[in-house]
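Notes follow the structure.
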Amino acid sequence: QVQFVESGGGLVPPGGSLRLSCAYTGSNFRTFDIGWYRLAPGKQREFVATITSGYATNYANSVKDRFTIFRDNAKKTMALQMNSLKPEDTAVYYCNFHPSQLNFWGQGTQVTVSS
């Protein structure tokens, strides 16, 4: 089964950093535009960052200058470096294609920013 598998979440104090990872189990990873999304309690899932097959990046205004998205086509992985974390960054983080595809939402990884 082709899927995305997220990891790297945890509990971090405000101002701290985390690096999330995402592994893709299918083929042709290098041809896809991919992204990170998050779902916070009481809110709808939202876009966080995307990276195209040509390595162009785009970020939500709320995370710009704090988060950085990476991809490694040889390993079929993607990462999200998150710095200067805020309590409002608390959410379950998911990776998916961009635009996202319904059948490819994984379990996500929980990020909690709290003192």
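The values are calculated or read from the model by the stated rules, or taken from the named source; none is laboratory data. Predicted, not measured: the structure shown is a model, and the values here were computed from it. Here the Cβ is made from the backbone with ideal geometry for all residues, glycine too, and neighbour counts use every protein chain on show. For accessibility, only protein heavy atoms count, side chains too; no ligands or nucleic acids. Shrake-Rupley method; radii C 1.70, N 1.55, O 1.52, S 1.80 Å.
A few points about this structure:
- Selection from 112, 37, 55 lying farthest towards where the dipole of the range 35-115 points positive, charges on Cβ: 55
- Averaging over all projection directions, the Cα-based convex hull of the range 52-91 occupies 3.4 nm² in the image plane.
- For the range 18-59, a Kirkwood hydrodynamic radius built from all Cα pairs, placed in the Stokes-Einstein relation at 10 °C and 1.306 mPa s, yields a translational diffusion coefficient of 134 µm²/s.
- By average C-beta atoms within 10 angstrom, highest first, the peptides 89-100, 50-61: 89-100, 50-61
- The lysines within cross-link reach of residue 75, meaning a Cα-to-Cα straight distance under 16 Å and a gap of 8 or more places when in the same chain, come to none at all.
- Normalised per residue, the accessible area of the chain is 53 Å², obtained with a 1.4 Å probe and no contribution from ligands, DNA or RNA.
- For the chain, the antiparallel share of DSSP beta bridges with both residues in that region comes to about 90%.
- Cα centroid separation - the range 8-34 against the range 97-115, whole Å: 9 Å
- Residue of 83, 28, 73 that the Gaussian network model of the chain assigns the largest fluctuation, springs spanning Cα pairs under 10 Å: 28
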